[in-house]
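The values are calculated or read from the model by the stated rules, or taken from the named source; none is laboratory data. Remember, predicted model here, so these are calculated numbers, not experimental data. As a convention, Cβ positions derive from the backbone with ideal geometry for all residues, glycine included, and neighbour counts pool all protein chains shown.
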Amino acid sequence: MNKFRLISALPRLRTTLGTQILARNLSKSFKILQIAPIQRASASFTPRSRLLHYSPSSRRNCDWGRPCDCSECSEAAMSEKCDICHDEPAIHQDSSYSRDRKGIGGYSFTSYCRACWRKHELSREKYEQEERLKREERKQKWQSMLQEVRKIHEYKEVPIAYAAEKYGKQTRRSQTAILKILKSDLAEDLHVFKIKNRWKCNKLRVDKVDFEIYNRSLYLY
């Protein structure tokens, strides 16, 4: 009886002995082989047109390695002399965000002396005033067009795709954004409504509207 028990226990003894030997060999091999920890190298490529973070310790206050205009990055980009006249010492600094031809964004910093900073402030105020006047003119143009559209009381039913197609040809908006504007902002003026799960609009009013003027009344190009 004991002999049969010993024979039945032999496979289990072999497996346990095998695992013990394998574990012992692995432990010896791992003691001999020492794997160095992985060290992550920080990005060393810094384009001239974009300034990355000056110190790794400031990453917690910035955008994790992306271009920014924080105080530390501004101080690192500050020039000793004015970038405009190249004679007087720099006192003020200005930053502007732009994108290159590949679509990668970044900040460009410009240092100014006292005289050049005054000229820069005057030119910026003049530019903002001109843009404000342009926006007001575009809004007035759209309001005058809207008054002419609202005088049309006749109704000719067409699918909303007719207005969406005209909107897409005159602007660069997506179809999803166009349909959202037609169903919300311009629904009352273009007689946009839903009949039997289908959206309709007034063809006569759509033909009168210039969507490019409407788009420019909201945004500046």
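A few notes on this one:
- Flag if Ile152 is in a helix (DSSP H, G or I) and either closer than 30 Å to Asn197 by Cα or in contact with a helix residue (DSSP H, G or I) (Cβ under 7 Å, 6 or more places away or on another chain) (or both): no
- The set of residues from region 184-206 being out of contact with any helix residue (DSSP H, G or I) (no Cβ under 8 Å at 6 or more places or on another chain) and among the charged types (D, E, K, R) comprises Asp185, Glu188, Lys194, Lys196, Arg198.
- Pairs are defined by a Cβ separation below 9 Å, a sequence spacing of at least 6 or placement on different chains, a first member in region 138-152 that is in the same structural domain as Leu190 (by TED's automatic domain parsing), and a second member that is exposed (fewer than 12 other Cβ atoms within 10 Å of the Cβ); the pairs so defined are Arg138/Leu220.
- Residue among Ala164, Ala177 that alone is small (Gly, Ala, Ser) and either over 16 Å from Leu218 (Cβ atoms) or modelled with pLDDT under 90 (or both): Ala164
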